[in-house]
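Student: Submitted below is the structure of interest, expressed as structure tokens.
The values are calculated or read from the model by the stated rules, or taken from the named source; none is laboratory data. Nothing here was measured: the structure is a model prediction, and the numbers come from that model. So basically every Cβ, Gly included, is an ideal-geometry build from the backbone, and we count neighbours across all protein chains shown. Heavy atoms of the whole protein, side chains included, go into the accessibility calculation; ligands, DNA and RNA do not. Shrake-Rupley method; radii C 1.70, N 1.55, O 1.52, S 1.80 Å.
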Amino acid sequence: MQKILILFGLIGVLIGMTGYAYSQETSLATFQETAQIIIDKSISQNVTASIALQSTSIQEIQIPAELEQKIREDRRITAIVVTNENHCILGVFDESCIIINVARDPEDKGILAIQNTTKRVASLFIDDVNQALDTEAKFHSVFIQSGDETSKALETSGSISGKGTVSAVYTMPMEDTASMYEKISALLLPREIRDRGGFYDIAKNLSKEENAKITFSIIPIENKSLLQLKLSVDYPNTASSINEINPLELLKTNELKRSEYFSSGFYPLNSILQVVVLSPESTNVSDVRGNIIPSQLVDGEKIPTEITKEGWIFDPEQGKRIQGKFIFGERKSIDKNELIFSLGGSQLSTPKIETSFDESIVIVIIISIIAIGAAIYYLKGYRK
């Protein structure tokens with residue numbers, strides 16, 4: 001699998017290709033909506049359902065242009081994360097956090113030097129972040145990540161969490177997720193996105209769940225920043241009992257609708273459902289009720305050869321880490337009964353079609369970015 005940070009760098013290239021990806025009829029918008037289910041039978045035993053809305057355009061996720069430029073040009077900031085995740089780091093209880101991740105200076109020797117440098121760099125940004133998000137977070141501590149078990153399992157990088165990450169942590173009073181999501185989405189998302197339904201409506205409904213949490217992330221990449229608003233719900237200690245996977249049951253909806261924001265053209269790769277299963281023992285996908293899209297292997301990645309049809313791409317479809325991506329094709333919505341599949345049972349006979357490398361290479365890059373983009377924000381790396 002391509003490294004996460006390399007994929008982020010390719011986003012800038014893909015933006016310039018919008019309207020030309022795969023064919024003249026297929027377009028790639030900067031705004032993306034991703035639904036994700038992580039069934040972690042291996043580490044936490046939890047199931048996490050989430051909706052992520054992300055963009056590289058500050059017109060679609062609205063932060064001040066001056067702040068975005070300041071973050072990107074500093075080169076020391078690797079990410080800024082705002083979350084009401086419980087125990088966002090060790091020592092924080094019943095408070096929301098703003099976490100500013102700073103790249104380590106090789107000249108810093110010892111923990112005290114690392115902490116002082118991190119605090120000094122982060123202090124240049126916290127007032128601007130507080131103003132942009134209407135928050136009043138105060139400095140709490142500098143935290144050096146020491147574990148990366150979850151990042152390794154999910155094959156994600158350490159720019160958000162994991163070993164080697166240095167975080168300046170600012171805290172503020174805990175706010176319930178529903179009101180926090182309402183407030184922050186009103187600040188960040190223009191009305192033309194909020195009023196067009198789709199995954200945004202599902203996230204708004206999920207925000208009322210007991211274990212719902214919100215995260216907003218800014219990651220500078222080349223000449224733009226990746227901006228993501230994510231709403232997630234944990235189902236503790238439920239992973240081991242799941243053998244039949246019903247993604248929409250976990251997302252508390254009977255139908256997954258795409259945003260009408262994409263109604264002006266054909267944007268088949270801007271709405272993705274992703275399911276990841278982490279298992280201590282090898283397992284496999286079986287009994288898929290919906291379609292499986294014909295695919296081919298390019299540089300070790302399984303990619304679709306047809307994007308006008310709805311269906312699943314499982315890559316890999318067996319092993320200790322299973323990943324499925326569902327593409328809508330020309331469909332605007334999908335019913336929950338069309339998305340159910342099982343673990344174990346007879347292995348799949350996946351259709352494959354041989355096509356040329358040139359006509360599909362753009363799709364493998366796009367699919368990888370959209371599908372993996374959500375996994376990097378799995379914030380369990382902050383829990384110790």
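Student: Given N residues in region 192-293, what is its alpha carbon radius of gyration divided by 2.2 N^0.38 Å?
Tutor: Normalised by 2.2 N^0.38 Å, the Cα Rg of region 192-293 equals 1.28.
Student: Near residue 196, within a Cβ-to-Cβ distance under 11 Å, what is the net charge of the other residues, with Lys and Arg +1 and Asp and Glu -1?
Tutor: -1
Student: For region 47-128, compute Rg over Rh where Rg is the Cα radius of gyration and Rh is the Kirkwood radius from the inverse mean 1/r over Cα pairs.
Tutor: Working: Rg = 15.1 Å, Rh = 14.9 Å.
Taking Rg over the Kirkwood Rh, I get 1.01.
Student: With every protein chain in place, what's the accessible area of residue 87 (1.4 Å probe, Å², nearest 10)?
Tutor: Accessible area, nearest 10 Å²: 90 Å².
Student: So, with +1 on the Cβ of K and R and -1 on the Cβ of D and E, and no other charges, what is the size of the charge dipole of region 38-80 about its Cα centre, to the nearest 20 debye?
Tutor: For this selection, approximately 180 debye.
Student: From the convex hull of the Cα coordinates of region 261-300, what is the mean projected area in square nanometres?
Tutor: Details: hull surface 21.1 nm².
Computing the convex hull of the Cα atoms and averaging its projections yields 5.3 nm².
Student: Among 110, 35, 96, which residue has its Cα furthest toward the positive end of the charge dipole of region 24-111, with +1 on Lys/Arg Cβ and -1 on Asp/Glu Cβ?
Tutor: Working it through, the farthest residue towards the positive pole turns out to be 110.
Student: Would you kindly state how much longer the chain becomes between residue 297 and residue 57 on full extension, computed as 0.36 nm times their sequence separation minus their alpha carbon distance, in nm to one decimal?
Tutor: Using 0.36 nm per residue and subtracting the Cα-Cα distance, I get 83.3 nm.
Student: Excluding residue 80 itself, calculate the net charge of residues whose Cβ lies under 15 Å from the Cβ of residue 80, where each Lys or Arg counts +1 and each Asp or Glu counts -1.
Tutor: 0
Student: Going toward the positive end of the dipole of region 245-334, with +1 on Lys and Arg Cβ and -1 on Asp and Glu Cβ, which of 295, 246, 324 do you reach last?
Tutor: So the residue furthest toward the plus end is 246.
Student: Lys and Arg at +1, Asp and Glu at -1: add these up for the other residues within a Cβ distance under 12 Å of residue 135 and post the number.
Tutor: Numbers: positive: 138, 183; negative: 95, 127, 128, 134, 136, 175.
Charge balance near residue 135 sits at -4.
Student: Relative to the present Cα-Cα distance, how much length would full extension add between residue 223 and residue 144 at 0.36 nm per residue of separation?
Tutor: This chain segment gains 25.7 nm when fully extended.
Student: Ignoring ligands, DNA and RNA, what percent of the 1.4 Å accessible area of region 236-282 is carbon and sulfur? Intermediate results must be reported in sequence, preceding the final value.
Tutor: Working: 790 of 2000 Å².
After summing per-atom areas, the C and S share lands at 39 percent.
Student: What percent does the relative contact order of region 73-112 come to when contacts are Cα pairs within less than 8 Å and at least six residues apart?
Tutor: On the way: 43 pairs, mean separation 16.8, N = 40.
Result for region 73-112 is 42 percent.
Student: Also, quick follow-up: Using only Cα atoms, figure out Rg for region 42-81 and give it as a multiple of 2.2 N^0.38 Å.
Tutor: 1.70
Student: Follow-up question, since we're still on this one. Karplus couplings for region 202-209 from phi (6.51 cos²θ - 1.76 cosθ + 1.60, θ = phi - 60°), rounded to Hz, Gly and Pro as x?
Tutor: Once rounded to whole Hz, the list reads 5, 4, 4, 5, 5, 4, 8, 5.
Student: Give, to the nearest whole percent, the P(r) tail of region 203-258 beyond 13 angstrom, counting all Cα pairs.
Tutor: Values: 1091 of 1540 pairs.
Beyond 13 Å sits 71 percent of the P(r) for region 203-258.
Student: Further question on the same structure: Pull out the extension gain between residue 263 and residue 186, defined as 0.36 nm times the separation in residues minus the alpha carbon to alpha carbon distance; nm, one decimal.
Tutor: Between residue 263 and residue 186, full extension yields an extra 25.5 nm.
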